[in-house]
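**Q** Below are the structure tokens for one structure; questions will follow.
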Amino acid sequence: MQVIPTANPDQLTLFQRGTIDAVWTVEPWVSRLELEAGGKSFVEERDAITTILVSRAKFLKEHRQLAKKLAQAHAELTAWIDAHPTEAQKLVRDELVAEMKHDISADLISHAWRRLRFTSEISLEPFDQFMAAAQQAGFLREKIDLKHFVEVP
């Protein structure tokens, strides 16, 4: 096996052409591979971290109150998404269509949504798991100490 870093939008075409045989990716790309290319999911990482709220250390030090407000707004938005999945899916679909410049079906978003878990909670454990998987796949040579990169409340 050879691991090749590939941009998410390119995975579908490469998979359909037979250029690549497998993909380690996130939603909605997993659902696109399944629904549009006949792919089968054989490993699901239900707690994989795909999107996180980050800031520069200097910003956090100089503007801690503003960073807290941003984190609170993120938590409120996350709670809203959980409470309003249908409306949130429509907003996500609209944004993806605008970014990708082509239609994304509501069925694709709904299919992907079942695998997503939205939370504003964070700990180091999922990052460590992700790093171990990245090392095993050959993306990282050595373990990186993340305790200085993640501030857990």
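**Q** Given Cα pairs under 8 Å that are at least 6 residues apart, what percent is the relative contact order of region 4-132?
**A** 30 percent.
**Q** Right, next: Can you give the FRET efficiency for Val97 and Thr6, using 1/(1 + (r/R0)^6), R0 = 35 Å, r = Cβ-Cβ distance, to the nearest 0.05?
**A** Calculated value: 0.95.
**Q** Under the rule of at least 5 residues apart or a separate chain, name every residue whose amide H is placed under 5 Å from the amide H of Arg115.
**A** Distant-sequence amide H within range of Arg115: zero hits.
**Q** Still on this structure: Arrange Val3, Val92 by Cβ neighbour counts within 10 Å, fewest through most, would you? Before the final figure, lay out the partial values.
**A** Numbers: Val3 12, Val92 17.
If I rank by nearby Cβ atoms, fewest first, I get Val3, Val92.
**Q** Within the chain, which is the longest segment containing none of the GluC sites (Glu not before Pro) that sit in a DSSP loop and have at most 11 other Cβ atoms within 10 Å?
**A** By the stated rule (loop sites, at most 11 other Cβ atoms within 10 Å), 45-120.
**Q** Label Arg115 and Leu14 with points 7 Å out from Cα along Cα→Cβ: what is the distance between them in nm?
**A** 1.7 nm
**Q** In which sequence would Lys90, Lys61 go, from the one with the fewest C-beta neighbours within 10 Å to the one with the most?
**A** Lys61, Lys90
**Q** For region 1-23 and region 108-145, what is the separation of their Cα centres, given in Å?
**A** Cα centroid to Cα centroid, the span is 19 Å.
**Q** Next question. Name the residue farthest towards the positive end of the dipole of region 3-69 from the options Ser55, Gln11, Gly39, assuming +1 on Cβ of Lys and Arg, -1 on Cβ of Asp and Glu, about the Cα centre.
**A** Working it through, the farthest residue towards the positive pole turns out to be Ser55.
**Q** Sorting Ile49, Ile4 on the 10 Å Cβ count, fewest up front, what's the list?
**A** Fewest-to-most Cβ neighbours within 10 Å comes out as Ile4, Ile49.
**Q** Another question, then. Beyond 26 Å between alpha-carbons counts as too far, so tell me which of Lys68/Lys90; Lys58/Lys90; Lys61/Lys147; Lys90/Lys147 fall in that bin.
**A** The answer is Lys68/Lys90; Lys58/Lys90; Lys90/Lys147.
**Q** Mind checking the dipole of region 63-148: about its Cα centre, +1 per Lys or Arg Cβ, -1 per Asp or Glu Cβ, Debye to the nearest 20?
**A** 220 debye
**Q** Test of understanding: what is the full-extension gain from Ala83 to Ile49, defined as 0.36 nm times their sequence separation minus their Cα-Cα distance?
**A** Details: separation 34, 0.36 × 34 = 12.24 nm, distance 2.05 nm.
Going from the current span to full extension adds 10.2 nm.
Read-outs throughout are calculated quantities, based only on the coordinates presented, and are distinct from any laboratory measurement. Remember, predicted model here, so these are calculated numbers, not experimental data. Glycine gets a Cβ as well: all are built from the backbone with ideal geometry, and neighbour counts include every protein chain shown.
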